[in-house]
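The values are calculated or read from the model by the stated rules, or taken from the named source; none is laboratory data. Given the structure is predicted, the values throughout are model-derived calculations rather than measurements. Cβ placement follows ideal geometry from the backbone for every residue including glycine, while neighbour counts extend to all protein chains displayed. SASA here: full protein model, heavy atoms, side chains in, ligands and nucleic acids out. Shrake-Rupley method; radii C 1.70, N 1.55, O 1.52, S 1.80 Å.
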Amino acid sequence: MKPAPFEYFCPDSLDEAVVLLAGRAAEAKLLAGGQSLVPLLNFRLLQPAALIDINRLSELAFLAEDRGGLRIGALTRHHALETSPAVAALFPVLSEAMAHVAHLAVRNRGTIGGSLAHADPAAELPMVATLLDAEIRTRSAAGPHTHDARDFFTGPLSTVLADDEIVTEVFLPALPPRTGSAFAEFSLRRGDFAIAAVAATVTVADGRITAARLAVAGADERPLRLDEVEASLAGQCFDADLVETAARLAGESVNPFTDLRASADYRRHLVAVLARRVLTEAHARIAVGAA
Amino acid sequence: MADPDVLRPKHIGARVRRVEDPRLLTGQGAFADDRIVPGALHIAFRRSDHAHALISGIDTAAAAAMPGVFAVYTAADLEGLVEPLRATSRMRNYHATPLYPLARGRVRHVGEPVVAVLAEDRYRAEDALDGIAIDYAPLAAVSDPRAALGADAPVLHEEAGTNVLAEREFSRGDIAAELAAAPIRVGGSFRFHRKAPTAIENRACIAEYDRGRRLLTLTSSTQIPGVIRDALADLLDMPGHSVRVVAADVGGGFGGKASLYPEEILVAVLARRLGRAVRWTGDRLEDLATTSHGFDEIIDAELALDRDGTMLALSAEVIGDVGAYSIYPWTAALEPVQVVSFMPGPYRVPTYRGRVRAVATNKAPTGPYRGVGRPIATFVMERLVDMAARRLSLDPAELRRRNLVRPEEFPYRVASGIVWDRSGFGECLERACAAIDYPKLRTDQGKARAAGRLCGVGIASYAELTGIGSRISAAPGMPINTGTETATIRLDSTGAVTGNFGIASHGQGLETTLAQVIADELGARLADIQILQGDSALVAHGTGTYASRSAVLAGGAAVSAARLLKERIIRAASHLLEAAVEDIDAADGRVFVSGTDRSLSFREIARAVYTEIGRLPRDAREELEVTKVYDPFFGTATAATHIAALEIDPQTCKVRLDRYVVAEDCGRVINPMIVDGQVHGAVAQGIGAALTEEIVYDEAGQLLTASLVDYVIPAASEVPPIETIHLDTESPSTLGGFRGMGEGGTIGAPAAVANALADALAPLGAEIFELPMTPERLFRLITEATAQARGD
């Protein structure tokens, strides 16, 4: 279980990294935290000719508040997100999700840019980015680009990123006032990939839901937003029946796969159960926040 | 008179810190892969990706030409260098299978080694694997053991003529008549799925050949250095003093390292052939695919009882899926036969019939895994007991109470022939119930159940045979003696004490516990004692550590040798101190004359005996080195009761273990901290077996669980706090009073968890017949039970 030979580069700046990647695009891989890439290399499932190690690009490791939202540098480690007071204050659903990302040793190394670019359909960060309508900002030789998280993930381990594009930061736009959020995950062990994970935000005004967002991981080939469910909640008064109907709809609107760990039926069932829980919890948290 | 406080054992029974831990916890351990030998060649294997195929051609030319590659070997290159290995047995209806270091003309399971690349490092060796072309002619593969019994099933070993590699039946009384007449009968078809041992250290070995001394040294991550030494001496036709097998520090084994593997034979053969060190360090993929699996059985069982709950008869028909080969030295019969020989458990079961067939399939071979057979037997028997209790509307603890062998009934002969010596069967049940406050647990459960929660309590009582002596083979009919153990204890010229043993500690803390035994028996200081083990050169005959034998056998040998050595030390002291032998005793590394202040240290006595010639009369200078062989002959019973309390989330089907109590009788407890640790680790493995761990092959024999992402072992977050109660009685059958306890946790836990799950699901009318009960299986069970309750 040793990787095939590769050339190794370790640029000191983003500009240098962009140039290096532009020259080798198709045969190179970026190495950030390495928590997904290195096992793939060791299994020889990936045999890139070159690795470009971006761990020296300290310019990509930052957290900054911006217009009530957050700019998160691509090299920000999971542990930094998990423990950031700014994240906890502005996007508690992200803090909540981070505790489910693998184990502390992995969270000390893993990065947000790496997780988004790797695009595991059962991973927490791509799903939370999708939930929060994140903007994923990148650089390539052609210049900067911005992708909507909702359009970023195209399938298992695949994204719209071009071969020469580097994720530089993620922008999470501010949540509206009187918004509650919640995250729930089912995995075989604490820290494992989700068999199903669901997260929600619920915004209310004048006793009615003005907007609700529901995102799912582990139950499809990519993280999903459940538009139909969200639409069914908008404008309604929150009650148990409404949540029950929405949860059932959530289960019906995903198209999960069967694998060793769980059948499609079980995943669909879990999506419904977890949707009920996060919608209820998200709504309950508004009242607390508004008090 | 000597001070009675000084004579009282001080080390046995104490929570002595493990002497190996400073070494192991600060990175100073020396594992097989840590052994640095300049110029060693690294092996990478091209392993079969077919479950069953003929090898029609192998082209290694391109690989051999790759940079850094020294040589490429196939089975053809080994002809004449090594004989095939066969696990023989005197058992009737048994077929041994030849085992070659590299597949010879045919592969029988995915992962079987076919080609070995030797290169300057493992990277280069793996690079070259792609340069090997193997032409396979696929054969029909059989993965389901029931299908392997069919008349049209592919036969794995034509010389056997059948896939049934072993068959055995135990019978007492007229089972058909007893079942027919019994008022209460419970039963079903049970399934325990395949499990992997998953030691934290993968298998690894390095062989070195000293041409000048003609000495072959194999350093291997193994539990059985003595068995391997003897086997290699035979296979390579070398005298035993020219073959040394060293199990240095070993990072866990759980039975998976208790067999001789093709990789170990190959590195030894090639090192001798090439005169260079040859090493192989398995990775996790190789470990999951090739380290012997365990626990793969189908059991049709039925228990008959009287209306008052008295057990009348038990029948079990077992199919054991043993994989592609009969493993050395234990044979394919090891686990399946133990399933039926231990099935009646600690209960009075007058009439019994148990039949087992060990069936070959195109999967990795099975071998010993912590508990061997008894976890499966206990799962089935304890499920039957709980099913019977429900049928009789009796509390499960009460039904056990009525049927456990009573104190006055020992020694009790089990229908399969096993004899239980006096052991705390009933006491373990009562102590476990008391520790967990069983009545309150049931009251709380009743309230939770009334609130719609799925809470369950599960009991498992079992007995096992440990410290097995020479009367019985550890595996049926096996021609290797595992029933004796040797200790050589010496007081050297500096006053230091060394104990040499044939065992091979791989995490059990035997360097500590054996030092405790010697310290008390000899009157030595713990700090002055060093235990050497895990090296075939230490004693004339040794096998290793497995089958819960080492504390009993090595402990007994230590007691015996230390007592004799102490007599000699005291005789020397009687000359030096001019006192009668009866007036002298030893403690804390000193001998002293009762009622006086005259004493000598061990060091002073050693100098007088070895160095200061003239201080002792010539004929009083006895050797201060004693070798004793201990044979407990039959062995001794170890018993325990486990109680688990858990809750199932009826929506997600998540299982949460809330309480776990073990009350066990492992005889005289040498070190309660080490016993606790053994119980905790073994219970964790039993919980894994009950809830998550499963090696999965598809119908074509492809391995689907080839990483620790898919093979799910429990982590600390899935294991509840475990409370242990030690009865701390002395076994009447062993020297020192010790009983073996390394495997027990894994024997009791699957059954306790299974019974707790069934108890939790009782309101839905669901039963547990299959382990592991993964969330997916639980989801199906709950969905079906709910649908049936609704009358769908």
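Between A:Val19, A:Leu30, A:Leu46, the Cα set farthest toward the positive side of the dipole of the range A:7-53 (charges on each charged residue's Cβ, about the Cα centre) is that of A:Leu46.
Please work out the FRET efficiency for the pair B:Ser189 and A:Ala4, using the Cβ-Cβ distance as r and a Förster radius of 41 Å; give the result to the nearest 0.05. Could the numbers behind the result be given before it?
Working: r = 48 Å, r/R0 = 1.16.
Taking R0 as 41 Å, the efficiency between B:Ser189 and A:Ala4 is 0.30.
Averaged over every viewing direction, what's the projected area of the C-alpha convex hull for the range A:58-172? Give it in nm², one decimal, please. The directionally averaged projection comes out at 6.7 nm².
Dipole magnitude of the range A:179-290 about its Cα centre, charges +1 at Lys/Arg Cβ and -1 at Asp/Glu Cβ only, in debye to the nearest 20?
It comes to approximately 340 debye.
Highest mean packing comes first when the peptides B:53-61, B:424-432 are listed by Cβ atoms within 10 Å, giving B:424-432, B:53-61.
So if we plug the beta-carbon distance of B:Arg563 and B:Val37 into 1/(1 + (r/R0)^6) with R0 = 41 Å, what FRET efficiency do we get, rounded to 0.05? Each step should come with its number before you reach the end.
On the way: r = 41 Å, r/R0 = 1.01.
My answer for the efficiency is 0.50.
Relative to the longest principal axis of the Cα atoms of chain A, the long axis of helix A:14-24 makes an angle of roughly 70 degrees. Within the range B:648-725, the GluC sites (Glu not before Pro) that combine a DSSP coil assignment with at most 12 other C-beta atoms in a 10 angstrom radius are B:Glu699. Between B:Asp135 and B:Asp631, the C-beta separation translates, for a Förster distance of 56 Å, into a calculated FRET efficiency of about 0.60. Here the simple spin-label model places points 7 Å from the Cα toward Cβ, and for B:Leu274 and B:Gln788 these points are separated by 6.0 nm.
Compared with the alpha-carbon gap, the fully stretched path from B:Val581 to B:Arg214 is longer by 127.3 nm at 0.36 nm per residue.
Taking all protein chains as they are arranged and a probe of 1.4 Å, the heavy atoms of A:Asp163 leave approximately 100 Å² accessible to solvent.
Treating each Cα of the protein assembly as shown as an identical point scatterer and summing with the Debye formula, the log10 of I(q)/I(0) at q = 0.05, 0.06 Å⁻¹ comes to -0.38, -0.54. B:Glu464 contributes an accessible area of around 0 Å² to the protein surface, as traced by a 1.4 Å probe with all chains present.
Roughly how crowded by other chains is peptide A:256-262, in terms of the mean Cβ count from those chains within 10 Å of each of its Cβ atoms? Could the numbers behind the result be given before it?
Values: counts 0, 0, 1, 3, 10, 7, 5.
Partner Cβ neighbours, averaged per residue: 4.
Per residue of B:640-652, other chain Cβ atoms within 10 Å of the residue Cβ number 2 on average. The lysines within cross-link reach of B:Lys195, meaning a Cα-to-Cα straight distance under 17 Å and a gap of 8 or more places when in the same chain, are B:Lys257, B:Lys363.
Count the net charge of all other residues whose Cβ sits under 13 Å from the Cβ of A:Pro48, scoring Lys and Arg as +1 and Asp and Glu as -1. Value of the local net charge: -1.
Peptide B:118-131 is shielded by partner chain Cβ atoms: per residue, an average of 2 of them sit within 10 Å of its Cβ. Over all Cα atoms in the range A:7-53, the spread is summed up by Rg and Dmax: 10.6, 31 Å. Shown here: chain B, whose C-alpha atoms stretch 96, 72, 47 Å along the first, second and third principal axes, sorted largest to smallest. Seen through its C-alpha gyration tensor, with square-root eigenvalues sorted a ≥ b ≥ c, the range B:214-367 comes out prolate because a/c lies at 1.5 or above while a/b is bigger than b/c. Rounded, prolate or oblate for the range B:2-152? Axes are the square roots of the Cα gyration tensor eigenvalues, ordered a ≥ b ≥ c, and the cut-off for rounded is a/c under 1.5. It comes out oblate by the Cα gyration axes.
For the protein assembly as shown, with all protein chains present and a 1.4 Å probe, just round the carbon and sulfur fraction of the accessible area to a whole percent.
Working: 20230 of 39890 Å².
Summing carbon and sulfur atoms, their accessible area is 51 percent of the total for the protein assembly as shown.
Approximating the spin labels as points 7 Å out from Cα along Cα→Cβ, the B:Thr494-to-B:Arg656 distance works out to 5.6 nm. Counting only protein heavy atoms and using a 1.4 Å probe, the accessible area of B:Lys628 comes to about 70 Å².
Residues of the range A:143-191 whose accessible area (probe 1.4 Å, heavy atoms of protein chains only) drops by at least 50 Å² once all protein chains are present, relative to their chain alone: A:Phe186, A:Leu188, A:Arg189.
Buried accessible surface for the A/B chain pair comes to about 2400 Å², total over both chains, computed with a 1.4 Å probe. Of all lysines in the structure, those lying under 27 Å Cα to Cα from B:Lys10, and not within fewer than 8 positions of it along the same chain, are B:Lys566, B:Lys628.
Rank these residues by their accessible area, most exposed first, probe 1.4 Å: A:Cys237, A:Cys10. Before the final figure, lay out each step's value.
Working: A:Cys237 65, A:Cys10 35 Å².
Final ranking, largest accessible area leading: A:Cys237, A:Cys10.
In Å², and per residue, what accessible area does the protein assembly as shown have when probed at 1.4 Å with the other protein chains present? Kindly include the intermediate steps, with their values, before the conclusion.
Working: 39890 Å² over 1083 residues.
Accessible area per residue, the protein assembly as shown: 37 Å².
Of the residues B:Met773, B:Met673, the one with the largest accessible area comes first in the ranking B:Met673, B:Met773, computed with a 1.4 Å probe on protein heavy atoms. By the compact-protein rule of thumb, 2.2 N^0.38 Å, the alpha-carbon radius of gyration of chain A corresponds to a ratio of 1.01. Largest first, the residues B:Phe254, A:Phe183 sort by 1.4 Å accessible area into B:Phe254, A:Phe183. A simple charge model with +1 on the Cβ of Lys and Arg, -1 on the Cβ of Asp and Glu and nothing else charged puts the dipole of the range A:7-53 at about 300 debye relative to its Cα centre. Projected onto their three principal axes, the Cα atoms of the range A:179-290 cover extents of 46, 26, 22 Å, largest first. All Cα-Cα separations within the range B:547-603 were binned at 10 Å from zero, giving a P(r) of 23, 43, 20, 11, 2, each value a whole percent of the pairs. Note on A:Lys29: aspartates and glutamates with a C-alpha under 13 Å away, same-chain residues under 8 apart excluded, are A:Glu7, A:Asp53, A:Asp163, A:Asp164, A:Glu165. The dipole here belongs to chain B: it is taken about the Cα centre, uses +1 on the Cβ of Lys and Arg and -1 on the Cβ of Asp and Glu, and is about 760 debye. Annotation: extensible slack from B:Thr310 through B:Glu83 equals 76.3 nm (criterion: 0.36 nm per residue apart, minus Cα-Cα distance).
Inter-part distance, the range B:606-664 to the range A:176-223, computed on C-alpha centroids, equals 53 Å.
Could you tell me which of rounded, prolate or oblate describes the range A:1-110, using a ≥ b ≥ c as the square roots of the eigenvalues of the alpha-carbon gyration tensor, with rounded for a/c under 1.5 and, failing that, prolate when a/b is larger than b/c and oblate otherwise? Kindly include the intermediate steps, with their values, before the conclusion.
Values: a/c = 3.13, a/b = 1.57, b/c = 1.99.
Oblate shape, in that a/c is at least 1.5 and b/c is the bigger or equal ratio.
For the modelled label position 7 Å from the Cα of A:Leu242 along Cα-to-Cβ, which residues of the range A:183-218 have backbone nitrogen atoms closer than 15 Å? Counting only backbone N, you get A:201-214.
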